[in-house]
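The values are calculated or read from the model by the stated rules, or taken from the named source; none is laboratory data. Everything quoted here is computed from the prediction, not taken from an experiment. Note that each Cβ is placed from the backbone with ideal geometry, even for glycine, and that neighbours are counted across all protein chains shown.
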Amino acid sequence: MSATTTAAGVPARAPRGGALRAALLRPAGVVGLLLGLVVLVLAVMGTFGLTPYDPAKQDVTQSLVGPSGQHWFGTDQFGRDVFSRVCSGLANSLRIAVVSVGISGVLGILIGVLAGYYGGWVDRVVGVLTNVLFAFPSLLLALALAATLDRSWVTVSIAIATVYLPIFARVARAPVLRLRHVDYVTASTAIGRPRLSTLFAHVVPNMWGILLVQVTLSLSWSILTEAALSFLGFGTPPPAASLGGMVYDAQTISAVAPWMLAFPGLAIVVFVVGLNLLGDALRSTLDPRSGGRR
Amino acid sequence: MTALLSLWRNSFVRRVLEAVLTLVGVSVLTFAVLRVLPGDQITASYGIEAGALSPDQLASLRAYYGIDKPLVAQYFSWLGGVLTGNLGVATQSQQDVLDMTLRALPITLQLAVLSILVALALGVPGGLLAASRAGALRDNGSQLVSLLALSVPTFLVATALSSWLANRFGYNPNGEEFATLLRDPALNLQQMALPALTLGVSIAAPVFQTTRASVLAIRDEDYIRTARAKGVPPRRLQGRHVLRNALIPVVTISGLQFGFLLGGAVVIEQIFSIPGIGRQVLLGMTQKEYAVVQSTVLVIAVLFVLVNLLTDVVYRLVDPQARAQ
Amino acid sequence: MVRRMPAGPARAVVSTAVVGALALAGCSGGSGSGGSGSGGGEGNDRLVFGITADPTQTIPWLSTSTQSIQVLSQVYSTLLNSGDDLETVAGLSDLPEVSEDGKTYTFTLKDGVKFANGSALDSTDVKYTFDTIMNPETKATSASYFASVASVEAPDPKTVVVKLKSPDASFTTALANVNTSIVPSDVPVESLTTTPVGSGPYVWDTRTPNQSITLKVNPDYYQGRPGYQSLQFRILGDEKAMVSALQSGAVDMAVFDNPVTAKTATSGKVKVTPVDQLSYHVLQLRADAPALKDVNVRLAIQCAIDRKQVLDTAALGAGEVTGPITSPAYRSNPDARPCPTRDVAKAKDYLAKAGKSGGVSINLITSQGLYSTAVNEAQNIQAQLKEAGIDVKLETLDSDGYVQRWLKGDFDSAIALNGGSTDPNTMYARYFTSKGSFNKVAGYRSAELDKLFADGIATRDENARKGIYTQVSKELEDNAVWVWTYTGKLFVATSTGTSGFKARTGADLGTLWKAAPAK
C-alpha cells in the first residue's frame, strides 16, 4: 500500500462543489455511490438494531444452518444470524474506519500543513517524527497498540490511526509547499494578514480535493487493516461483531459452513470497492490529466 | 564557530543528522511499546506457573532478564550493546540476535523484491493496455481488475488457494523446511511463489494506476507532439519516448512500496511460514523477547533510513534542478 | 511551462538497486542445517512432527508449553513412565518399593542406560536432578511435585532412596512427567539450554529458531531401538498450513484440538484418531470476589449453564461434560451436583435467596491466545447467564494480559483450560488447600477441603482414596466453587506412511519411539 498522490500539481483554483458533483456523475462514481449507499443502509440497520435478529442472540437449535428464507446468510455455531452480524459488523467497521481516518486525517493534515507552511525547524521536526512512524513496521505498531490498551473498537481505531497519520501529514505537506508561493497567498501576507489566517483562508481550501481522495483511500485501507489485525487475533473483541473478526473466526469452521466466511468477506470487498470507486472518480475529476475520458 | 555553522548549512550533514534522530526515535518508540505491553519475559516463559514462584524467585528472575533495572538504564544498556555490534540474545534459545537477523533479513528482502517484480509484471502491461485506448472497454475492464486486486483481502485468497492446492494435488512447498535461494533455488522459488504473488497483487494496483496515468500524461507532452510532427515512427515513439519517461514514476512508486512491504509482509510470513524479519519481530513480541524485537526493528529502520538517505544523495547529485534548491 | 517529473530517475534506480544488492548479498546467508530433504514417510527414514509454536524451554524442569514437553519427551527419559491406560509403570527405574510407613521410596535403576554424551545414567544423576528441582534458586516449575520430599539419597549407583516428610500417595505420579526428566549431573545447565543431553529415544541434533528442531536416533535407547533414523519437529504457525502439510506429505504427524480442522485433515493419506484429554474446561469463579461471596450466587451460575451447550457451540460436541476430577481412576460423576442439567428457574431462586432478584453483574476474563475455544466458551456462557439475570461483562485480553490478571486474582470469573493429572491431589491441592500456591487464584478454601486433601495423600489404599476424592468432588460442586464444563478431545493426525504409534489419552508422545515407516 502506498501513499499515492495525484500525479499532477495543484490547480490554481479548484472548483469546490463542482468537483464532487462532477465526480458523482461519472459511471465509476455512480457505482461507487450506489455500493456505498448499500453499505451505509446495512450499517445503519446494524447501528440502530434494525436487523432481523439480535446479532448477539444465541439459539443453539439453529446452529450452523445454511442460507435460507429465515436466515438469509445462514447462522453460525452459536445459532446467531449471520446477516444481522454482517450488518452489525459493517457498522463496527465503518465506525472504526471513520474514527481512525478522522483522527489520523485531522491530526495528520494539521501537522502536515503547519510543517509545509512554516518550514524551517518545524518542518524538520515533523519530518523526523513522521519518518520514525514510517520506519516502524506499520502492522506491528498497530498490533502493539491493540495489545496494550483494553481491547475495544476505540483502541483498534487509535492503533490504525497511528499508522496512517504520517501518510496524511506527508500528503498534506506537499501541496502546501507549492501553494506558499502562489500569488494570492503571498499577496495576502503582504497586506498584513497573519500567516495562520492566510493558511486556513486560502491554502487549505485549495487542497481539499486531494485530501478527499486520500480520505477515501484511507477509509478502504483501514477496513483491510482491521481485517488483517483480526486475522492475527488483535481485532475488536467478541461478542461485538466486526467483519475482520468474523472472517478470522470462520477460517476453520468455513470447511463445514462456508457461508460464515463468504458473506463477511463479500461485505469487506463491496465496502472497499465502493470506497475506491468513489475515490477514483474524485481523482479523475480533480485532475483530468491523471486519466479518464479524452 | 563558523565552521560548525557551515557544517550545519550543508544539507547533507543535516540529512544525516535527521536520519540519526529518526533512528533514535524508532529505538525509543520500540522500547516504550514493548515495556507497555502487558506481561514480560517471566509470564511469557512460565505462563501461569509463574504463580508458584516466590517473591525471591521472581526477584532473581527479574535480575536475570535484566528487567529489574530502571527503564532508562535498560534502554542505554541495550543501546550501548547495539552500538558495539551486540544486538543482544534471545533469552530462551540463547540465539544471538545478530545471527538471527542476518538469516531472516535476506529472506524478507527477497520476498519484497519478488513481490515488486510481480507487481511490475502485472501493473505495467496492464497500465499500458489501459492507456492505449483510454475510456474503451480494455481500459475500464483493467481498471476494474485493478480495483478488485486492491479491495480483496489477498491473504484470505492466498490461504484458500494454498489449502486447495494441498488438498487437491498434494502440492504444498511451504510445508517443507524453508530453503534459501542459494541452497535450493527450485524449492525456494516454489515456496516464495504464492507469498510473492499475494503481496505483488496487493501492490499491483498503484503500479497499474501510475503507469496508466503517466503514459496518458506523457502522450500529451510537447516534446512527444514535436517528435510525432517530425515524423518519428509510432513504434519508436512509444518505446523510446513515451515508455521510458512514463516508467519513471512507476519505479518510484515501487521504491515507496518497499518500506511498506517490510512491515506488511508479517501476515504473509506468518501464514506461509516464511522465516523472515516480520515473523521474527512478531514472534519476539509474543515471546516477550525484548532484545529480539528492539534490535530487529532498529535494523529494519536503519535499512529504511539508509535507502532513503542514499537515494536522496544520488538524486541531488544527478538532478541539477534539485541541486539548485 | 515545463512540468517537472514527480521524482528523478536516479532516485528510483538507486533505491531499487540498493535493495536488490542487499537481497542478493544476503541470500548467501544459509539457514541452519536440516537440509532441504523431502518430508518423512517417503522411505526417507525421517519422521516429521508438526507443531504450531517454537518450544520456548529446553530445560525439563522449566518446560510448561505443550511443544516444549513434546520435544523434550523425545530427548529425555523419566524415572517412571505412563502405560497405555496412563497407569504408572517402570521407566528408568522399576516401580519403587515403599516402606510400611509410606515415607521411604526405594528405586532400582535399570542397567546400562547412557546419556547422549556417553556417560552412564546412574543414581548420582537422579539425585542431582531432583536436588536441582527442589532448590529454590532453580525456580523449577516441577518443584511443587517434590513438596513433601525431605531428602534424596544415592547409596549406590543403581539405587535411589527418597525420604518424604510425610506420606504422599501422589508422589510417584509426578515422576512420569516430562518436567521431572533426568538430566546428566556432569553437564552445566547453561550448556543444556542450548544443547539438551538426555537418555531419550532421540538425540538433540540441530535447531533453527522458529523453523525446526532436528533430532537423530539414539540406537541404544533402553526401551528398544526407535523406528526412525531422525525425528524433526517442524514449526508451522498456522493450523491450516499444518493441514496442508499433512496432505502433501511434508509433515507426517500433528495433534489438533479443533474437530473441524481434524475433519479437513482426514483424507486417503491422513488418518485422524480422536483421544480424550485430562485437561478440563472450566468457568473459574473467585469466591473471594465481593460479587461471588455468597454461595447462592455461585449456585445460580451453576444452574444457569447448560454444559452440553457450551461443549456443542465451542467445541462442536467433541468431548464430554465433566465434573472436577478427570483422573481416570477417580473420575467425578458429572451429574453429582445441585444442578445436573440447566434449570433457569432454580437459578433465579438461588439469586432470590441471595437477595439479588434484580440481577447480578460480574466480569469474565478470557483470551484469544489461550487456546482455540476460550473466547467461544465465554460468549456462550455470557449468553446463557443473561437469561438468568446474570449480566456478564466479557473482557477479551491479550494472553499475557490474561495471565497477569489471572495470577493476581484480579477477576470475578475466568475461562480456563487447566491441566489434569492421573492423581487428583496433583490436580487440585495447589488450588484448593489453604496453603496451596494458587489458592488466591482459586478463591476458595475450607477446613473440610484441607482435611480431605491431607487424608487423600496419607493413605495408599486405592479404595480409601476413591472415597476421599469423591468427597472432594462433592464439596467442590455443592459449593459451586467453580463451574466445570467439559473435557475436550485431541485429534492425532498420522500419515498412512507411518505406523506403530499408539495415540492415548492426552496425546502424549510416550510411544512415539515405536513409530516406524509403514511397510
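Taken as a whole, the condition of being farther than 26 Å from B:Leu261 by Cα, free of Cβ contacts under 8 Å to residues at least 60 places away in the same chain and more than 7 Å from chain C (Cβ to nearest Cβ) applies to B:Leu83. For the residues C:Ser413, C:Ser421, C:Ser437, the requirement of being within 23 Å of the chain's Cα centre (by Cα) and modelled with pLDDT of 95 or more singles out C:Ser413. Being surrounded by fewer than 22 Cβ atoms within 10 Å (Cβ to Cβ), within 30 Å of C:Leu164 (Cβ to Cβ) and at pLDDT 95 or above is not true of C:Asp461.
Looking at C:Leu22, C:Leu62, C:Leu79, C:Leu86, which one is in contact with a helix residue (DSSP H, G or I) (Cβ under 7 Å, 6 or more places away or on another chain), within 13 Å of chain B (Cβ to nearest Cβ) and at pLDDT 50 or above? So that I can check it myself, show each step before the final result.
Details: C:Leu22 fails: at pLDDT 50 or above; C:Leu79 fails: within 13 Å of chain B (Cβ to nearest Cβ); C:Leu86 fails: within 13 Å of chain B (Cβ to nearest Cβ).
Checking each option against the conditions leaves just C:Leu62.
Being more than 27 Å from A:Asn276 (Cβ to Cβ), out of contact with any Asp or Glu (no Cβ under 7 Å at 6 or more places or on another chain), part of a loop (DSSP other than H, G, I, E, B) and of a type in the set (Gly, Ala, Ser) holds for only one residue in A:Gly79, A:Gly69, and it is A:Gly69. Given the criteria at pLDDT below 90 and either buried (at least 24 other Cβ atoms within 10 Å of the Cβ) or within 14 Å of chain B (Cβ to nearest Cβ) (or both), does A:Leu140 qualify? Criteria met by A:Leu140. Based on what the data block shows, is A:Gly112 outside any helix (DSSP H, G or I), modelled with pLDDT of 85 or more and farther than 25 Å from A:Ile268 by Cβ? Against the criterion (outside any helix (DSSP H, G or I), modelled with pLDDT of 85 or more and farther than 25 Å from A:Ile268 by Cβ), A:Gly112 does not qualify.
Checking each residue in region C:366-414 for being aromatic (Phe, Trp, Tyr) and touching a residue at least 40 places away in the same chain (Cβ under 8 Å) picks out C:Tyr371, C:Trp406, C:Phe411.
Residue check: is B:Ala179 more than 27 Å from A:Leu219 (Cα to Cα), in contact with a Lys or Arg (Cβ under 7 Å, 6 or more places away or on another chain) and either assigned to a helix (DSSP H, G or I) or within 8 Å of another protein chain (Cβ to nearest Cβ) (or both)?
Details: more than 27 Å from A:Leu219 (Cα to Cα): yes; in contact with a Lys or Arg (Cβ under 7 Å, 6 or more places away or on another chain): no; either assigned to a helix (DSSP H, G or I) or within 8 Å of another protein chain (Cβ to nearest Cβ) (or both): yes.
Against the criterion (more than 27 Å from A:Leu219 (Cα to Cα), in contact with a Lys or Arg (Cβ under 7 Å, 6 or more places away or on another chain) and either assigned to a helix (DSSP H, G or I) or within 8 Å of another protein chain (Cβ to nearest Cβ) (or both)), B:Ala179 does not qualify.
Listed by position, the helices (runs of 4 or more DSSP H) inside region C:345-439 whose residues that are more than 30 Å from B:Thr43 (Cα to Cα) number at least 2 are C:374-386. Please verify whether C:Thr313 is at pLDDT below 95, within 14 Å of chain A (Cβ to nearest Cβ) and not in a helix (DSSP H, G or I), treating the condition exactly as stated. No: the conditions fail for C:Thr313. Of all the listed residues (B:Ser93, B:Ser27, B:Ser60, B:Ser54), the sole one being within 11 Å of chain C (Cβ to nearest Cβ) and buried (at least 20 other Cβ atoms within 10 Å of the Cβ) is B:Ser93.
Which of the following residues is within 16 Å of A:Pro239 (Cβ to Cβ), buried (at least 16 other Cβ atoms within 10 Å of the Cβ), of a type in the set (A, V, I, L, M, F, W, C) and within 14 Å of chain C (Cβ to nearest Cβ): A:Val82, A:Val65, A:Val60? Full working, then the answer.
Values: A:Val82 fails: within 14 Å of chain C (Cβ to nearest Cβ); A:Val65 fails: within 16 Å of A:Pro239 (Cβ to Cβ).
So the residue among A:Val82, A:Val65, A:Val60 that is within 16 Å of A:Pro239 (Cβ to Cβ), buried (at least 16 other Cβ atoms within 10 Å of the Cβ), of a type in the set (A, V, I, L, M, F, W, C) and within 14 Å of chain C (Cβ to nearest Cβ) is A:Val60.
Quick one: which residue in B:Leu150, B:Leu156 is within 14 Å of chain C (Cβ to nearest Cβ), assigned to a helix (DSSP H, G or I) and either on the phi > 0 side of the Ramachandran plot or at pLDDT below 85 (or both)? Break it down stepwise before answering.
Details: B:Leu150 fails: within 14 Å of chain C (Cβ to nearest Cβ).
Just one listed residue meets the conditions, B:Leu156.
Looking across C:Ser191, C:Ser267, C:Ser248, C:Ser199, one residue alone is within 13 Å of another protein chain (Cβ to nearest Cβ), of a type outside the set (Asp, Glu) and buried (at least 20 other Cβ atoms within 10 Å of the Cβ). It is C:Ser248.
If you filter region C:415-443 down to residues that are on the phi < 0 side of the Ramachandran plot, among the small types (Gly, Ala, Ser) and touching a residue at least 24 places away in the same chain (Cβ under 8 Å), you find that the one that is surrounded by the most Cβ atoms within 10 Å (Cβ to Cβ) is C:Ala429. Within the option set B:Asp68, B:Asp56, being more than 25 Å from A:Ala159 (Cα to Cα), of a type outside the set (Phe, Trp, Tyr) and touching a Lys or Arg at 6+ places or on another chain (Cβ under 6 Å) holds for one residue only, B:Asp68.
For region C:221-242, a tally of residues being more than 22 Å from the chain's Cα centre (by Cα) and not charged (D, E, K, R) returns 10. Residues that are among the aliphatic types (A, V, I, L, M) and under 13 Å from C:Ile182 (Cα atoms) number at least 1 in the following strands (runs of 3 or more DSSP E) confined to region C:80-154: C:80-82.
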